[in-house]
Amino acid sequence: MIKKFIFGKPIKTDAVVKDVEVFSNSELSFLNEKETDDAISFEYDLDVDDIVYGLGEVMGSINKRGGRYISFNTDTPNHTPTTPSLYATHNFLVIDGKKKFGIFLDNPGRIIFEVDYNNSKKLSIRCENKNFNLYLIDDCDSSYSITKEFLSIIGQSFIPPLWAFGFGQSRWGYRKKKDFDNVVKGYEKKNLPLDYICMDIDYMNGFRDFTINEKRFPNFKNYVKSLKDKNIHLVPIIDAGVKIDDKYSTYLEGVKNNYFCTNLEGENFNATVWPGPTHFPDFFKEDTRAWFGQKYKFLTDYGIEGFWNDMNEPSIFHSEYTAKFSKKKAITKDEKYFLDGKYCEYKTFFHNIDGNTVCHYDVHNVYGYFMTRAASEQLDKILDKRFLLFSRSSYIGAHRYAGIWTGDNKSTWFHLKQNVMMMPSLNMCGFLYSGADTGGFLGRCSRELLLRWLAFSLFTPLFRDHTALLTKHQECYKFKGEKDFQAILSLRYRLLPYIYSEFVKAVLNSDMYIKPLAFEYDDVNVRKIDDQLLVGDSIMVAPIVEKGKAERNVYLPEDMIEVKYDGCDFKLNKVEKGNHILNANLNEVVFFIRKGKLIPISKGGKNTAEVDFNNLELLGDGDQYLQYIDDGYTKDVKKENIRVLKKE
Ligand code: MIG
């Protein structure tokens, strides 16, 4: 049963799309609500064995106990075990104990969650914005059913085209056509698959959105087409800020139509990001969203069908207010308010929400969501097929409009493990099309780390190798011994019919694509496992996430079939329920097929277009597999596209 509780006067976030009955707040007494001048708080006593799932894009394990998490979208390059905020806000959590319930705080303001923090045995939630909706899901017998109820009220997740399920290469630092040609050549030469290349900020003219540097990309339309003829897509980045420049049409249109956020004086707010001084579009306004979204047509007219939205927390290097106040010797009390804390700038600009002026700080966490929604709603109108879109910042609701990537991680084993642990939480919040920068964004990626990371990421829908400016090159073809890379990457394409089918079925059924083991198995031994995951309905993965290791422990909650793939053969081996050790060399991936299940395997290909979805081999001991199949572009994604494959 899902119940809605209303506190104050919340703004419309559209996070929840289904009507939910409203109940009196007195029914929430078990959450010990307390209201003070500056917050509404809740507190709940946790039993020793209670597990707390959820919160989407946050650091830590699948079980959130022991952590302090702050919902306040932040551009941070330092993701440590105790980093409280990343780029997204996903305020859904499930408490799994004697009492089982889920809570979703549809609150765009700053929230502090403490989950058995410092062994307090308490779950405490402090909402700074006192205007919000709270949804409670109870009367369910498992965390999994609570999650599915939740997914059913927030609406269907975004589905990109089939090519977006291929492998993508990216690097901040590709500047000109030749850099992209080299990537294509590099992958071709070493016989490695590739479906898309991301274009980072240097393709633009002085970091102006919706421009192309024609000197670096002469005849861009032909170039896009020539790559598409090879089944390779270009995916340009779009940043949130619009450069202040009298000769730039996007800027002029924004000023003329009052599309931008305003400052304390009511003028357009001025903040510095990559292009220098910029204005931020006020994505809370419908007309701003329609305008900004239509701007993507500039690029779709060149044949572009995929984008990534960045810097939309929004990230600010510095602003007119920090500049002004930092020069002053004496600061008044009022001014101090704006300089108090790290997030001062967010208190100094404003949105127009249904005619009311609202301080950005209070609604900060939905800004990126509304940017991505702007893009998605208009791309949907511009193109008569599905498109790729993924965003850095997000909020629950954004999952209907785009996928996400998890931002600026590092080339470390810890970040690989963190990627594994975060995936189920993202899925719980509707972000099925998601993934991390494979190989790590910052730092120097070793060959071993990249191979192991690819061996995990090949199971995640967004499968992209991305790295930062000035780091060591991290493209697969830059490393010696291409055979190992061929082996790992080819598995993605051999599993593509399974991955695509399981992904779409999960979307259509308001289900998760990647799940914790405990969501399927009622087995005390799996409650603490956070480095093994279920991928779709048939596969369990147990990735190697440690340096110098070719083996690891794995626990099977039931009899399974171990599959070892080395680039050619699938070696099958029946394994009994219980503890085992798995071995996988750098050119091998080991995964498991669940009891009574099947997986379809294709012959593979150099890109998704080459994969034959009809000529499939079935592995496993089940008797039928439900395959979702379509043309890879249609918007009409429906259950009728599912066919039954039977084992002979
Ligand atoms: O301030 O566009 O997370 O993926 O390569 C850095 C450059 C801005 C941050 C993104 C990253 C991207 C980078 N961007």
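Would you kindly work out the equivalent ellipsoid of region 344-430 from its C-alpha gyration tensor and give its semi-axes, the square roots of five times the eigenvalues, largest first in whole Å? Don't skip to the end; give the middle numbers.
Values: eigenvalues 144, 89, 23 Å².
After scaling each eigenvalue by five and taking roots: 27, 21, 11 Å.
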> How compact and how long is region 402-529, expressed as Rg and Dmax of its alpha-carbon atoms in Å?
Replying inline: 15.4, 48
>> Which entries of LYS243/LYS410; LYS297/LYS385; LYS297/LYS635; LYS176/LYS603; LYS215/LYS385; LYS221/LYS505 have Cα-Cα distances beyond 25 Å here?
In response: LYS243/LYS410; LYS176/LYS603; LYS215/LYS385; LYS221/LYS505
>> Between ASP612 and GLU35, what's the calculated FRET efficiency when r is the beta-carbon distance and R0 is 60 Å? Round to 0.05.
In response: 0.50
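What number, in nm² with one decimal, is the all-direction average of the projected area of the convex hull of the alpha-carbon atoms of region 4-90?
Values: hull surface 31.1 nm².
The number I arrive at for region 4-90 is 7.8 nm².
Please report, in debye to the nearest 20, how large the charge dipole of region 101-243 is about its Cα centre when each Lys and Arg carries +1 at its beta carbon and each Asp and Glu carries -1 there.
Numbers: 22 positive and 18 negative charges, 229 e Å.
The calculated dipole for region 101-243 is roughly 1100 debye.
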> In Å, the Kirkwood hydrodynamic radius of region 131-259 over pairs of distinct alpha carbons?
Replying inline: 18.4 Å
>> If amide hydrogens are placed 1.01 Å from N in the peptide plane, which non-local residues have theirs closer than 5 Å to the one on MET199?
In response: VAL235, ILE237
> What is the distance in Å between the Cα centres of region 351-377 and region 509-534?
Replying inline: 35 Å
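Whole-Å semi-axes of region 47-117's equivalent ellipsoid, largest first, each the root of 5 times a Cα gyration tensor eigenvalue? List each step's numbers first, then the result.
Details: eigenvalues 89, 40, 15 Å².
Value: 21, 14, 9 Å, ordered largest first.
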> Hey, what do the phi angles of region 104-118 turn into as Karplus ³J(HN,Hα) couplings, whole Hz, using 6.51/-1.76/1.60 and θ = phi - 60°, x for Gly and Pro?
Replying inline: 10, 9, 8, 9, x, x, 6, 9, 10, 9, 10, 10, 6, 6, 6
> Taking a label point 7 Å from the Cα of ASP49 along the Cα→Cβ vector, which residues of region 102-118 have an amide N closer than 14 Å to it?
Replying inline: none
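Evaluate Rg over Rh across region 11-61, taking Cα atoms for both radii and Kirkwood's formula for Rh.
Numbers: Rg = 14.9 Å, Rh = 14.7 Å.
So for region 11-61, dividing Rg by the Kirkwood Rh gives 1.02.
Could you work out the percent of alpha carbon pairs in region 247-321 separated by over 22 Å, rounded to a whole number?
Numbers: 715 of 2775 pairs.
Value for region 247-321 (Cα pairs over 22 Å): 26 percent.
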> Percent relative contact order of region 604-648, based on C-alpha pairs within less than 8 angstrom and at least six residues apart?
Replying inline: 36 percent
>> For ASN213, what residues show an amide H to amide H distance below 5 Å, using hydrogens built from the backbone and excluding near sequence neighbours?
In response: MET204, ASN205
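Please report, in whole Å³, the volume per residue of the convex hull around the C-alpha atoms of region 454-534. It would help to have the intermediate numbers written out before the result.
Working: hull volume 11.2 nm³, N = 81.
Cα-based convex hull of region 454-534, divided per residue, equals 138 Å³.
Sort 583-596, 431-444, 265-278 for me by packing, meaning the mean count of neighbouring Cβ atoms within 10 Å per residue, highest on top. Kindly include the intermediate steps, with their values, before the conclusion.
On the way: 583-596: 19.8, 431-444: 25.6, 265-278: 18.1.
Going from most to least packed, we get 431-444, 583-596, 265-278.
So how do 573-581, 520-528 stack up, highest first, on mean other-Cβ count within 10 Å? Display every interim value, and only then the final one.
Details: 573-581: 11.7, 520-528: 14.6.
The densest-packed peptide leads the list: 520-528, 573-581.
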>> Suppose each label sits 7 Å from its Cα in the direction of the beta carbon; what would the LYS178-GLU265 distance come out to in nanometres?
In response: 4.7 nm
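Based on DSSP H runs of at least 4 residues, each adding -39500 (n - 2.57), what is the mean residue ellipticity at 222 nm of the chain after dividing by all its residues, to the nearest 500 deg cm²/dmol? It would help to have the intermediate numbers written out before the result.
On the way: 14 runs with 145 residues, N = 648.
Using -39500 (n - 2.57) per qualifying helix, the result is -6500 deg cm²/dmol.
Is there a quick way to get the dipole size of region 446-490? I mean about its Cα centre, with the Cβ of Lys and Arg at +1 and of Asp and Glu at -1; what is the value in debye to the nearest 20? Could you put the intermediate results ahead of the total?
Values: 7 positive and 5 negative charges, 19 e Å.
In debye, rounded to 20, region 446-490 gives about 100.
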> Under a 1.4 Å probe, what is the accessible area of region 517-648 per residue, stated in Å²?
Replying inline: 50 Å²
> Among the lysines, which fall within straight-line cross-link reach of LYS189, defined as a Cα-Cα distance under 19 Å, with same-chain neighbours fewer than 8 residues apart omitted?
Replying inline: LYS177, LYS178, LYS228, LYS230, LYS478, LYS480, LYS483, LYS606
>> I'd like to compare 126-133, 470-477, 85-92: which one has the highest average count of other Cβ atoms within 10 Å, and what's the full order after that?
In response: 85-92, 126-133, 470-477
> Can you list the HN-Hα couplings for region 542-551, worked out from phi with the Karplus curve (6.51, -1.76, 1.60; θ = phi - 60°), rounded to whole Hz and with x for Gly and Pro?
Replying inline: 9, x, 7, 10, 10, 5, x, 10, 10, 8
>> For a quick check: with amide H placed at 1.01 Å from N, whose amide H comes under 5 Å from PHE431's, ignoring anything fewer than 5 positions away on the same chain?
In response: none
>> Apply the Karplus curve 6.51 cos²θ - 1.76 cosθ + 1.60, θ = phi - 60°, to the phi angles in region 600-605 and return the couplings in whole Hz, x for Gly and Pro.
In response: x, 10, 9, 7, x, x
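In region 593-640, what percent of the accessible surface is made up of carbon and sulfur (1.4 Å probe, ligands and nucleic acids excluded)? Don't skip to the end; give the middle numbers.
Details: 980 of 2330 Å².
With neighbouring chains kept in place, the figure for region 593-640 is 42 percent.
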> Could you work out Rg/(2.2 N^0.38 Å) for the chain, with Rg from alpha carbons only?
Replying inline: 0.94
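About its Cα centre, how strong a charge dipole does the chain have in debye, to the nearest 20, once Lys and Arg get +1 and Asp and Glu get -1 at the Cβ?
That gives a dipole near 1920 debye.
Given 4 °C and 1.567 mPa s, how large is the Stokes-Einstein diffusion coefficient of region 377-421 in µm²/s, with Rh as the Kirkwood radius over Cα pairs? Display every interim value, and only then the final one.
On the way: Rh = 12.7 Å.
D = 102 µm²/s.
Roughly what % of Cα-Cα distances in region 590-635 sit above 13 Å, to the whole percent? Could the numbers behind the result be given before it?
On the way: 663 of 1035 pairs.
Cα-Cα pairs in region 590-635 separated by more than 13 Å: 64 percent.
Once you keep just the Cα pairs under 8 angstrom separated by 6 or more residues, what percentage relative contact order results for the chain? Mind dumping the intermediate values first?
Working: 1514 pairs, mean separation 88.0, N = 648.
Relative contact order comes out at 14 percent.
Counting only C-alpha contacts under 8 Å and six or more residues apart, can you give the relative contact order of region 1-41 as a whole percent? List each step's numbers first, then the result.
Working: 22 pairs, mean separation 15.1, N = 41.
37 percent.
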> If ligands, DNA and RNA are left out, what is the accessible area of ARG392 with a 1.4 Å probe, given in Å² to the nearest 10?
Replying inline: 10 Å²
>> Can you give the FRET efficiency to the nearest 0.05 for LYS122 and GLU551, using r as the Cβ-Cβ distance and R₀ = 51 Å?
In response: 0.80
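The values are calculated or read from the model by the stated rules, or taken from the named source; none is laboratory data. From a predicted model like this one, the values you see are computed outputs, not experimental measurements. Cβ coordinates were reconstructed from backbone atoms using ideal geometry, including for glycine residues, and neighbour counts include every protein chain displayed. Protein only, heavy atoms only, side chains kept; ligands, DNA and RNA dropped before computing areas. Shrake-Rupley method; radii C 1.70, N 1.55, O 1.52, S 1.80 Å.
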